[in-house]
Amino acid sequence: MRKILIVGATSTIAEQTARRFAANGDALFLTGRNEARLTAIADDLKVRGASTVATQVMDADDLKAHAPMIDAAEAVLGGLDTVLVAYGTLPDQAACAAEPATAVAAWHPNAVSQIALLTDVANRFERQGHGLIAAISSVAGDRGRASNYVYGSAKAMVTAFRSWPWSSPMLAIDLCRLQMPRCDDDCSCLAAGV
């Protein structure tokens, strides 16, 4: 049984992944901004076989909320061995192009807060000597488009952060190797949209 934290658990990708975890009898700690949606997902996962399901309403863009949320997940689950980061927003590209502050604000939930969260989790896993981190990125970070270049550049930051020095943005077993050299487990960056 794995002890899994899912940040951004109300996203469709996270919900579908959580269903697979539940079918394996894993223990889950779900976070998201929408309490009603979290509760509905948690109830569904219990029926699907999850050994434990706990939730916490949290805006992952709030960097000060990260450490207390991870602490709560560890306390409820009796530790952590897997973290799935699956949150972000698709900003209005025209608004971002018109106002630099809007573009910068769009980078925060899509890159800055994710990098902060990944760093915190990696440090914890390095101290405990094991752990698996998966972060959802996007092919938008691989090939810029006029329709979403602000979002794409944020996803490129996440992919680069997770994949350096490796060339593949799809599977980057790197942060564990660089940040957590004494860990036996891996980190993955998953590019949605492939």
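Multiply the residue gap between ALA105 and TYR149 by 0.36 nm, knock off their C-alpha separation, and tell me the result in nm, one decimal place.
Gain on extension, ALA105 to TYR149, equals 14.4 nm.
What spacing in nm lies between the two simple spin-label points modelled at LYS64 and MET1, each 7 Å away from Cα in the Cβ direction?
Placing both labels 7 Å beyond Cα along the Cβ direction yields 3.5 nm.
How many percent of the accessible area of the stretch 1-78 is carbon or sulfur, using a 1.4 Å probe?
48
Please give the Cα centre distance for the stretch 14-72 versus the stretch 109-147, rounded to the nearest Å.
18
Could you give the length gained by full extension between VAL57 and ALA160, i.e. 0.36 nm per residue of separation minus their alpha carbon distance, to one decimal place?
34.2 nm
Can you compute 3J(HN,Hα) from phi for each residue in the stretch 58-70, using the Karplus curve 6.51 cos²θ - 1.76 cosθ + 1.60 with θ = phi - 60°, rounded to whole Hz and x for Gly and Pro?
So the J values, rounded to whole Hz, are 7, 9, 5, 6, 8, 4, 5, 7, 4, 4, x, 5, 5.
Using the Karplus curve 6.51 cos²θ - 1.76 cosθ + 1.60 with θ = phi - 60°, what ³J(HN,Hα) values do you get for each residue of the stretch 102-117, in whole Hz, with x for Gly and Pro?
For the stretch 102-117, the Karplus-derived couplings read 5, 5, 5, 4, 5, 6, 4, x, 8, 9, 4, 5, 5, 5, 4, 5 Hz, x marking Gly and Pro.
In square nanometres and to one decimal, what's the mean projected area of the convex hull around the Cα atoms of the stretch 18-162?
About 9.2 nm², averaged over all directions.
The values are calculated or read from the model by the stated rules, or taken from the named source; none is laboratory data. These numbers were taken from a predicted model, which means no experiment stands behind them. As a convention, Cβ positions derive from the backbone with ideal geometry for all residues, glycine included, and neighbour counts pool all protein chains shown. Only protein heavy atoms, including side chains, enter the accessible area calculation; ligands, DNA and RNA are left aside. Shrake-Rupley method; radii C 1.70, N 1.55, O 1.52, S 1.80 Å.
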